[in-house]
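Data first, discussion second: the structure below is written as structure tokens.
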Amino acid sequence: MSTDTPDAPSDDAPSRAELAARVDELEDALAEATSEDDTKKMSIIATKGTLDMAYPPLILASTAAAFGYEVTVFHTFWGLDILHEERSKNLKLSSVGNPNMPVPNAIAALPGMDRMTTKMMEKKIADNDTATIEELLETSLDMGVEFQACQMTIDLMDYDEADFYDGVTTGVGAATALQDMADADIQLLV
Amino acid sequence: MNAEFDIAETLDVKGASCPMPVVKTKGAIDDLAVGEVLEVLATDPGSMSDIDGWAAGTEGVELVEQEEGDDVYTHYVRKTE
């Protein structure tokens, strides 16, 4: 028959003071674990390079930075054009494949139509005082947003690292993006 | 001038549209001292909801008041830390 009774104090049981010290220790560890990284993070993957699709990642990135978020935008495939100093100023709007366009696809596919719809959109952007892609990009860079250009697609598109805006990070790949997404509070694919 | 608080700085973002009113407000708040109030003048109707949401979700700022005028939306934001 066992002589152990749960309530009976024994010599090797921790004292009250030892337990209190242990509780303090655990509370400190918990506080450290929960407060270690309280900066919110957002990770965006930007894959599109048309004029209309360049806006959402930049608007969300600059706004999140205004909220104090640490923001990373990983640009891949056509999304690279947003970071390309020259190409970002000439992003086009496609008139084909968008049923909201005022012209049927058969006409929208005619030569020069993309140029026309792009001009119309650029005029609307100017008339509405909507920030340009360049302004949004420069503002976001100033606010500390990290823009990353996917190395594999830089090579694929035959771009040069010098083609991108100052401050753009190159030499990164999917694993970097995945790590950012894993750490982030908000993850978006645009 | 409001009787309840002094305005330290005024930011004029009239004409600018989303996301610039919020982004520029953040920049102007950074330049203030703790306790000071920034007045923001905007014409973007979305700024009423956006600056409210930004202030609620951002550490160290507090929305003191918003006024909806005929054409101009005025926001008062205090830097709290």
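The values are calculated or read from the model by the stated rules, or taken from the named source; none is laboratory data. All of these numbers come straight from a predicted model, not from anything done at the bench. No Cβ is skipped: glycine too gets one built from the backbone with ideal geometry, and neighbour counts run over all protein chains shown.
Side notes on the structure shown:
- Identity of the residue in region B:52-64, loosely packed, with under 14 Cβ neighbours inside 10 Å and not in a helix (DSSP H, G or I), that ends up farthest from the other protein chains (Cβ to nearest Cβ): B:60
- Inter-residue pairs, beta-carbon under 9 Å, first over 15 Å from residue B:65 (Cβ atoms) and in region B:43-55, second among the hydroxyl-bearing types (Ser, Thr, Tyr) and exposed (fewer than 14 other Cβ atoms within 10 Å of the Cβ), 6+ apart: none
- From the list A:139, A:117, the one residue that fits, being farther than 30 Å from residue A:68 by Cα, surrounded by 15 or more Cβ atoms within 10 Å (Cβ to Cβ) and either over 28 Å from the mean Cα position of the chain (by Cα) or not charged (D, E, K, R) (or both), is A:117.
- Residue in region B:68-76 that is touching a residue at least 60 places away in the same chain (Cβ under 8 Å) and of a type outside the set (Lys, Arg) present: yes
- Look at region A:1-24: where a residue is at pLDDT below 80, no partner that is of a type outside the set (D, E, K, R) sits 6+ places away or on another chain with Cβ atoms under 8 Å.
- Of A:95, A:140, all but one fail to be closer than 20 Å to residue A:45 by Cα and out of contact with any Pro (no Cβ under 6 Å at 6 or more places or on another chain); the exception is A:140.
- The residue that is nearest to residue A:59 (Cα to Cα), among those in region B:36-51 that are assigned to a helix (DSSP H, G or I) and within 12 Å of chain A (Cβ to nearest Cβ), is B:50.
- Any hit, region B:39-46, residues being farther than 22 Å from residue A:55 by Cβ, surrounded by 20 or more Cβ atoms within 10 Å (Cβ to Cβ) and within 9 Å of the chain's Cα centre (by Cα): yes
- In region B:65-81, the residues that are more than 14 Å from chain A (Cβ to nearest Cβ), surrounded by fewer than 20 Cβ atoms within 10 Å (Cβ to Cβ) and in contact with a helix residue (DSSP H, G or I) (Cβ under 9 Å, 6 or more places away or on another chain): B:66, B:68
- Residue list for region A:32-73, restricted to those being away from chain B (no Cβ under 14 Å), polar (S, T, N, Q) and part of a loop (DSSP other than H, G, I, E, B): A:47, A:50
- Apart from one condition, residue B:4 fits all of (1) part of a loop (DSSP other than H, G, I, E, B); (2) within 13 Å of chain A (Cβ to nearest Cβ); (3) acidic (Asp, Glu); the exception is (2).
- The residues on offer are B:16, B:33, and the sole one that is facing chain A (nearest Cβ under 8 Å), hydrophobic (A, V, I, L, M, F, W, C) and assigned to a loop (DSSP other than H, G, I, E, B) is B:16.
One line per residue, one yes/no per condition, for (1) touching a Gly at 6+ places or on another chain (Cβ under 6 Å); (2) within 14 Å of another protein chain (Cβ to nearest Cβ); (3) among the hydroxyl-bearing types (Ser, Thr, Tyr):
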{"site": "A:87", "(1), (2), (3)": "no, no, no"}
{"site": "A:99", "(1), (2), (3)": "no, no, no"}
{"site": "A:117", "(1), (2), (3)": "no, no, yes"}
{"site": "A:129", "(1), (2), (3)": "yes, yes, no"}
{"site": "A:138", "(1), (2), (3)": "no, yes, no"}
{"site": "A:142", "(1), (2), (3)": "no, yes, no"}
{"site": "A:151", "(1), (2), (3)": "yes, no, no"}
{"site": "A:160", "(1), (2), (3)": "no, no, no"}
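- Residue that is nearest to residue B:78 (Cα to Cα) [pool: residues in region B:2-29 that are crowded, with 18+ Cβ neighbours inside 10 Å and basic (Lys, Arg)]: B:26
- Members of region A:74-102 that are assigned to a helix (DSSP H, G or I) and surrounded by 17 or more Cβ atoms within 10 Å (Cβ to Cβ): A:78, A:79, A:80, A:81, A:82, A:87, A:88
- When the residues of region A:154-166 are filtered to those that are in contact with a strand residue (DSSP E or B) (Cβ under 8 Å, 6 or more places away or on another chain) and assigned to a helix (DSSP H, G or I), the one that is surrounded by the most Cβ atoms within 10 Å (Cβ to Cβ) is A:154.
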